[in-house]
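Quick note: the coordinates plus some simple rules give every number you see, no bench work behind them. Note that the coordinates shown come from a computational prediction; the quantities given were computed from them, not determined experimentally. FYI the Cβ positions are ideal-geometry reconstructions off the backbone, even for glycines, and counts take in every protein chain you see.
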Amino acid sequence: MTQSKHPKNRRKSAAKGMDRSQPRQRSNAGSPKRPKAEGSGAGSTARPGGSAARPGGSAKGPISSANRSHWLFGIHAVLAALANPKRRKERLLVSKEAGQRHGEALDKLLALPGAPPAHQANREDFMSALPDSAVHQGLALQCAPLTQPHLEDLLAAPSTETAKRPVVLVLDQVTDPQNVGAILRSAAAFGAQAVVTTGRNAAAESGVLVKTASGAFDHTPYIAVTNLARALDSLKTAGYWSLGLAGEGKRTLAAAKSDGPVALVLGAEGSGLRRLTRETCDELVHLPTQEPISALNVSNAAAVALYELLK
C-alpha cells in the first residue's frame, strides 16, 4: 500500500480502490469479549461448530456456537489471515499509517483470490468495529471463523519432515484466549502438529486469541473434540505416548520422553487436569521447577515442554 507523496496521488494506494466512504456504524458481528479469569469455573462455554462428531471424538469446524463472522486485529494476525486461502474474508480496515508502513505486503495479499474490499479507516471506524481494549495496530479484518480439520484427518495425513518428532498438544478445558494464543504461537515456533482442545469450556477463535497467537492461528490446526478421553485413545492407537503435565508426576518430562510421537496434555490453571484425563494419560510427568515458584503459567509450561520434546 505504498502511498505517493503527492496529495493528488495519495489515494491511489495499491489497496486497489480502498474506500473511505463506509458507514461508521457499530458492527453487529461477533467481536471478541474480555475473558473471565481462567480456573474460576466461569470461563466461556464453547461448543464445536460444523459437522457432527466423528468416531474418534473430533468435530469439524470452529469452536463457537455459530459460524458468524467476527473481527481479527493486529498486524501479524491480519496479515496471516489474509494470506490463508481457507479464510472467508469480508472486509478490511486499514489506517493511513498502517497502509504506508505495510503497503507492500498488503498490496500482494489484496491481489490474491478471495481478498476482501479494503477501506481506509480512522480512529472512529476502528472504535465502532472493535472492543475498546483491542490493540489493532491499524489493521482489522472481518472474516468467518476458520474451519479446522478432524483429528482423524490429522492422524491419517502423511508425516512431514519439518519436526524432529510428531508432537500434539492437548488442552483440557483451557479457557483463557491469551493463554491459548500463546500456546499456539509456541506450537508453531517449535513445530508441533496441532493443538487439540475440548469442544466445551475452551477458548473459541476470537480477536484476542488470534492476536496473541501472532499469526500462528492460521498455520497450526486448532482442533475441537467432543470427548477428550476418546481423543487421547485415538492418539494412542495412532502410536502417540500421552504425557500429562501435573505437579504430582513422579518423573520429569525429560526423563519420561521417548523418541516416538507424543501427545502432551495440559490442564487449566487452578483446576489442572481432570480426573478422567489423568487416568487416560499413559503417564503423569512434571517440570523441575523450584521454590518460591513451584508452578508455571500453562502457556509458559507448554513452551518449556515443547522445547524439551523438540530440541
Per-pair calculated FRET efficiency, R0 = 25 Å: residue 275 and residue 255 via Cβ, rounded to 0.05: 0.55
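When a/c is below 1.5 the answer is rounded, else prolate if a/b is larger than b/c, else oblate, so apply that to the stretch 153-212 with a ≥ b ≥ c taken from the square roots of the Cα gyration tensor eigenvalues. Walk me through the numbers before you get to the answer.
Working: a/c = 2.48, a/b = 1.63, b/c = 1.51.
Prolate.
In square nanometres, what is one fourth of the surface area of the convex hull spanned by the alpha carbons of the stretch 65-108?
Working: hull surface 14.2 nm².
That works out to 3.6 nm², a quarter of the Cα hull's surface.
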Using θ = phi - 60° and Karplus 6.51 cos²θ - 1.76 cosθ + 1.60, couplings along the stretch 177-183 (whole Hz; Gly, Pro as x): x, 6, 5, 5, x, 5, 5
Ordering of 200-208, 116-124 by burial proxy (mean other Cβ atoms within 10 Å per residue, highest first): 200-208, 116-124
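Could you tell me whether the stretch 191-244 comes out rounded, prolate or oblate from its Cα gyration tensor? Rule is a ≥ b ≥ c as square roots of the eigenvalues, rounded for a/c under 1.5, then prolate if a/b exceeds b/c, otherwise oblate.
Numbers: a/c = 3.01, a/b = 1.65, b/c = 1.82.
Taking the square roots of the gyration eigenvalues as a ≥ b ≥ c, the stretch 191-244 is oblate.
Taking R0 as 25 Å, what FRET efficiency do you get between residue 156 and residue 310 from their Cβ-Cβ distance, rounded to the nearest 0.05? The partial results should precede the final answer.
Working: r = 22 Å, r/R0 = 0.89.
It comes to 0.65.
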HN-Hα J in Hz across the stretch 118-127 - Karplus 6.51, -1.76, 1.60, θ = phi - 60°, x for Gly and Pro: 9, 10, 6, 10, 10, 4, 5, 5, 5, 5
Separation of alpha-carbon centers, the stretch 103-167 and the stretch 182-238, rounded to whole Å: 16 Å
